[in-house]
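For reference, the structure is listed below as structure tokens.
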Amino acid sequence: MITARQMRAARALLGIDQKRLAELSGVSLPTIQRMEASDGRVRGVVETLTKVVEALDAAGVELIGENAPSTGSGRGVRLREAVPRNGEG
């Protein structure tokens, strides 16, 4: 549904902190912190995840699933598959 990286990136695009996202979504701050600290896809109660996604959507952030086209217009960012750096990989 959403990854921790997407949550952090969405907040950065909106210029809001975790506390503000908690307020917008009606989810507790510790829950937002726990969600953003997870690896990969955020796990949790579906209702809670939905509240966060809906809050981000209402604020103007389009969350794009893996291998899915963007349906919106305007500026944005998308994370592509990581490319190994020199000496890594």
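The values are calculated or read from the model by the stated rules, or taken from the named source; none is laboratory data. All values derive from a computational prediction rather than experimental measurement. With ideal geometry, Cβ positions are generated from the backbone for all residues, glycine too; neighbour counts draw on all protein chains shown. Side chains included, ligands, DNA and RNA excluded: accessible areas come from the protein's heavy atoms. Shrake-Rupley method; radii C 1.70, N 1.55, O 1.52, S 1.80 Å.
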Residue count, segment 35-63 (criterion: more than 13 Å from the chain's Cα centre (by Cα) and open to solvent by 80 Å² or more (accessible area, probe 1.4 Å))
4
Those residues of segment 1-12 which are in contact (Cβ under 8 Å) with a residue 60 or more places away in the chain and surrounded by fewer than 16 Cβ atoms within 10 Å (Cβ to Cβ) amount to ARG5
Consider segment 32-77. How many of its residues are modelled with pLDDT of 95 or more, aliphatic (A, V, I, L, M) and more than 13 Å from GLN6 (Cα to Cα)?
1
Segment 13-27, residues that are free of Cβ contacts under 8 Å to residues at least 60 places away in the same chain, open to solvent by 80 Å² or more (accessible area, probe 1.4 Å) and not basic (Lys, Arg):
ASP17, GLU23
